[in-house]
Amino acid sequence: MTERRPSFLFDLDGTLVDSVYQHVLAWRDALAAENIKLSVWRIHRRIGMSGGLFAQMLTTETGLKLDPQQLERVRHLHAKFYNERSASIDPLPGARELLAHLTHVGIPWAIATSGRMETAGPLIDRLGVDRAKVPVVTRDQVKNAKPDPDLFVTAAARLGTAIEDAWVVGDSVWDLLAARRARALGIGLLSGGYGRSELEGAGAYRVYDDPADLLAHIAEVTPRR
C-alpha cells in the first residue's frame with residue numbers, strides 16, 4: 001500500500017559520489033576503442049541520460065550510426081574502463097552524514113541510478129549503504145532510464161511511498177527532467193558540473209552545492225517533526 005509521507009530519492013553519480021569525471025573519461029576511452037572520437041565536454045553533457053538517447057547523441061554528434069552489437073561493446077568497455085578508475089572515487093562531502101540524518105529522523109530514502117549494478121554496486125557499498133535495507137534501483141531493473149521517470153517511480157514504489165510526495169535529488173538536467181515527469185519535487189546539486197541556471201531551468205525546486213550543503217539547509221525541504 002502506498003503511504004502519503006515524504007521520501008528522498010537520490011541519484012548516485014555526482015550526487016552522492018564524486019564519480020562524474022571518471023564516467024566521462026571511461027566513455028571517452030570506450031568510444032576511442034571503437035575508433036569514435038568525441039570531445040570530453042560533449043560526453044559530460046550526456047552523463048545520466050538513457051543509453052538509447054546516448055546512442056542518438058552519438059549519431060547526431062559524429063554522423064556515425066552504431067549498430068546494436070557495437071553499442072553493446074562500447075557499454076561493456078565503458079564498464080571496464082570505469083571500474084579500473086573506481087578505486088579513486090570517494091563519497092561527496094556530507095553524503096554519508098545526509099543519509100544518516102534522514103535515517104535518524106525517520107524519513108525514508110532510496111537510490112535510483114542510470115548506472116548498472118556492475119558499476120554502481122561497489123560505490124553504493126563504499127557509501128555504507130545496506131542494500132538489504134535500502135532500495136537501490138539501477139538501469140538493469142527498469143525499462144527506460146532518465147529522463148524517463150521509471151527509476152524514481154520504481155524507487156518510490158519500493159519504499160511504499162507516493163512519488164508525488166518525494167524529493168528527487170540529482171546533479172544533472174536528466175535527473176530533474178525525470179523528477180518533473182514523475183510529478184516529484186526536484187532538488188539540484190552543483191557537484192556534478194551543471195550550472196545553477198541549468199538545473200533550475202530543468203525544474204529544480206532548490207539548488208545546493210553538494211550533499212553537505214543540502215544537509216546544512218535540510219530544514220528548507222523537510223517538514224517539521
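Screening THR59 against (1) of a type outside the set (Gly, Ala, Ser); (2) surrounded by fewer than 16 Cβ atoms within 10 Å (Cβ to Cβ); (3) in contact with a Pro (Cβ under 7 Å, 6 or more places away or on another chain) leaves a single unmet condition, (3). The selection criterion, being assigned to a helix (DSSP H, G or I), surrounded by fewer than 17 Cβ atoms within 10 Å (Cβ to Cβ), modelled with pLDDT under 85 and outside the structural domain of ASP150 (by TED's automatic domain parsing), holds for LEU71.
Residues in the range 117-148 that are touching a residue at least 40 places away in the same chain (Cβ under 8 Å) and either surrounded by fewer than 20 Cβ atoms within 10 Å (Cβ to Cβ) or out of contact with any Phe, Trp or Tyr (no Cβ under 8 Å at 6 or more places or on another chain) (or both): ALA120, LEU123, ILE124, ARG126, LEU127, ARG139, ASN144, ALA145, ASP148.
From the list ASP175, ASP130, the one residue that fits, being within 17 Å of PRO211 (Cβ to Cβ), in the same structural domain as ASP11 (by TED's automatic domain parsing) and out of contact with any Leu (no Cβ under 7 Å at 6 or more places or on another chain), is ASP175. Of the numbered criteria (1) at pLDDT 95 or above; (2) buried (at least 22 other Cβ atoms within 10 Å of the Cβ); (3) not polar (S, T, N, Q), the one TRP174 fails is (1). One residue is enough: does the range 149-168 have a residue meeting the conditions in contact with a Gly (Cβ under 9 Å, 6 or more places away or on another chain), among the aromatic types (Phe, Trp, Tyr) and surrounded by fewer than 23 Cβ atoms within 10 Å (Cβ to Cβ)? Checked the range 149-168: at least one residue is in contact with a Gly (Cβ under 9 Å, 6 or more places away or on another chain), among the aromatic types (Phe, Trp, Tyr) and surrounded by fewer than 23 Cβ atoms within 10 Å (Cβ to Cβ). Starting from residues that are surrounded by fewer than 21 Cβ atoms within 10 Å (Cβ to Cβ) and touching a helix residue (DSSP H, G or I) at 6+ places or on another chain (Cβ under 8 Å), keep the ones in the range 1-19 and report whichever is modelled with the lowest pLDDT. Restricting to residues being surrounded by fewer than 21 Cβ atoms within 10 Å (Cβ to Cβ) and touching a helix residue (DSSP H, G or I) at 6+ places or on another chain (Cβ under 8 Å), the top hit is THR2.
The values are calculated or read from the model by the stated rules, or taken from the named source; none is laboratory data. This one's a predicted model, so the numbers in the text were calculated from it and none came from an experiment. In this analysis, Cβ positions are derived from the backbone assuming ideal geometry, glycine residues included, and neighbour counts consider all displayed protein chains.
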